[in-house]
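K.L.:
Shown below is the structure under consideration.
The values are calculated or read from the model by the stated rules, or taken from the named source; none is laboratory data. Just so it is clear, the model here is predicted, and its values are computed rather than measured. Cβ atoms come from the backbone with ideal geometry, glycine included; neighbour counts cover every protein chain shown. Accessible surface areas use protein heavy atoms only, side chains included; no ligands, DNA or RNA. Shrake-Rupley method; radii C 1.70, N 1.55, O 1.52, S 1.80 Å.
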Amino acid sequence: MKIANRGQAPLLEVKGLKKHFDITKGWFAKKRVLLKAVDGVDFKVYRGETFGIVGESGCGKSTTGNLVLRLLEASEGEILFEGQDLRKLTSEQMREKRKDIQMIFQDPFSSLNPRMRVEDIIAEPLRSHKVLEGGQLRQRVLELMDTVGLSPSFAPRYPHEFSGGQRQRIGIARALALKPKLIVCDEAVSALDVSIQSQILNLLSRLQREFDLTYIFIGHGLPAVKHISDRIAVMYLGKIVEVAGKEQLFRQPKHPYTQGLLSSIPISDPSLRSQKGMPVLEGDIPSPTNPPAGCRFHTRCPYATERCIQEEPPLKEVEGEGRMVACHEPIGSEHSCSTSIS
Ligand SMILES: Nc1ncnc2c1ncn2[C@@H]1O[C@H](COP(=O)(O)OP(=O)(O)OP(=O)(O)O)[C@@H](O)[C@H]1O
Ligand code: SF4
Ligand SMILES: [Mg+2]
């Protein structure tokens, strides 16, 4: 399994990315209410790797994915794809760029038009970008179906005639149609049974090798994210708190929140639990409209100190370990204060 080639320029680099939703109710509200869904996120994705993003529901994973594709407009930050800031492109230039960046969604049923035949669903991006037409277009659609393990004889059928796993294959074929460089997979297997999940994950891995694809793989199911990812970013309340190679992350999490997430994996999956006696995640996730000052995790962290309440820890590289952590006292360093403030 490859780990990012640090000598290379990243395919995608995200800097200071923010998305604040204005959720102020009523015209006469005295104060604007901003929901800080993504609140200053930085990461790099290298060619040929799978970059996983995990975290509890509502931490901003999908918003991050949607911002990368500009399905949502960011409030701040840069999205550098092959060095070019996507936020500076006109809508016409961005439409062209979407050939290179595609998305696979969680629910293949609701993302497939029920009134279109499978062949038309897969052909749609090729038609709208005027890449192919006529016999060549049909040939390409049949090839794509074959590539993702769907019998070309199913081409005239409608989405409801397929199982969940087959529908996800249709979504994958459509995402592949324009030969993208980067695919954002948002909970691409979360709605599927476990056995089907591994078939789809294996398919994604094969396609990655075959077509030199780069993935951002978003999920809250740690086993699936671990299965496919090379490096994993852990998100909490709109921020990335840790980025590490997957083995490193599971064997020796450095951020207390990562520890908590790992300890929440059911005991039936012991291979994925990193250390015995890790603190379990307790307490509610604070509101993204009013995130805690200092370290956002301090209200739930068993190691929080006075400094954590005052000062926000930046995401920085742990020397010599090739990983990033946003914690004043990452696990493995001596925790200076053992007094819990929660
Ligand atoms: N269009 C929107 N308007 C207002 N708030 C939004 C909007 N979209 C998302 N949010 C809020 O932004 C935060 C992040 O949402 P997001 O969907 O990115 O989380 P997620 O990590 O993908 O969660 P899940 O694991 O449940 O998919 C949540 O608090 C969500 O309610
Ligand atoms: S900075 Fe402090 S509160 Fe935040 S994770 Fe680290 S020890 Fe816990
Ligand atoms: Mg989501």
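K.L.:
Could the peptides 78-84, 255-261, 241-247 be put in order, highest first, of the mean number of other beta-carbon atoms found within 10 Å of their residues?
P.N.:
Ranked by mean Cβ neighbours within 10 Å, highest first: 255-261, 241-247, 78-84.
K.L.:
List the chymotrypsin sites (Phe, Trp or Tyr not before Pro) in the stretch 20-80 that DSSP assigns to loop (not H, G, I, E or B) and whose Cβ has at most 13 other Cβ atoms within 10 Å. Which are they? List each step's numbers first, then the result.
P.N.:
Details: sites: PHE21, TRP27, PHE28, PHE43, TYR46, PHE51; in loops: TRP27, PHE28, TYR46.
The qualifying sites are TRP27, PHE28.
K.L.:
Using a 1.4 Å probe on the protein chains only, how many percent of the accessible area of the stretch 121-217 belongs to carbon and sulfur?
P.N.:
That share works out to 47 percent.
K.L.:
For the chain, what does the alpha-carbon gyration tensor say about shape, rounded, prolate or oblate, given a ≥ b ≥ c as the root eigenvalues, a/c under 1.5 as rounded, and a/b over b/c as prolate?
P.N.:
prolate
K.L.:
Let me make sure I get this right: for the stretch 1-129, a, b and c are the square roots of the gyration tensor eigenvalues over alpha carbons, sorted descending. Under 1.5 in a/c it's rounded, otherwise prolate if a/b > b/c, else oblate. Which is it? Could the numbers behind the result be given before it?
P.N.:
On the way: a/c = 1.66, a/b = 1.14, b/c = 1.46.
In terms of gyration-tensor shape, oblate.
K.L.:
Then there's this: When only Cα pairs under 8 Å and 6 or more residues apart are kept, what is the percent relative contact order across the chain?
P.N.:
18
K.L.:
Trypsin sites (Lys or Arg not before Pro) within the stretch 77-136: which are DSSP loop residues with at most 14 other Cβ atoms inside 10 Å?
P.N.:
Taking the stretch 77-136 and a limit of 14 other Cβ atoms within 10 Å, the loop trypsin sites (Lys or Arg not before Pro) found are ARG115, LYS130.
K.L.:
For the stretch 130-281, what is the accessible area per residue in Å² when the probe is 1.4 Å?
P.N.:
Here the residues of the stretch 130-281 average 41 Å² of exposed surface.
K.L.:
Please figure out what share of the DSSP beta bridges in the chain is antiparallel and state it in percent, rounded to the nearest 5.
P.N.:
Looking only at bridges with both residues in the chain, the antiparallel portion is about 60 percent.
K.L.:
Place a point 7 Å from the Cα of HIS160 along the Cα-to-Cβ direction; which residues of the stretch 114-146 have their backbone N under 15 Å from it?
P.N.:
Residues passing the 15 Å test: 114-118.
K.L.:
Hey, what angle do you get for helix 164-176 against the long axis of the chain, alpha-carbon based, 0 to 90 degrees rounded to 10?
P.N.:
80
K.L.:
Further, regarding this structure: Leaving out ligands, DNA and RNA, what percent of the accessible area of the stretch 1-101 is carbon and sulfur, probe 1.4 Å?
P.N.:
51
K.L.:
If I fit a long axis through the Cα atoms of helix 194-211 and take the longest principal axis of the Cα atoms of the chain, what angle between them do I get, 0 to 90°, rounded to 10?
P.N.:
70
K.L.:
Hey, what number do you get for the chain at 222 nm if only DSSP H runs of n ≥ 4 count, each worth -39500 (n - 2.57), divided across all residues, to the nearest 500?
P.N.:
Roughly -8500 deg cm²/dmol at 222 nm, from the helical runs in the chain.
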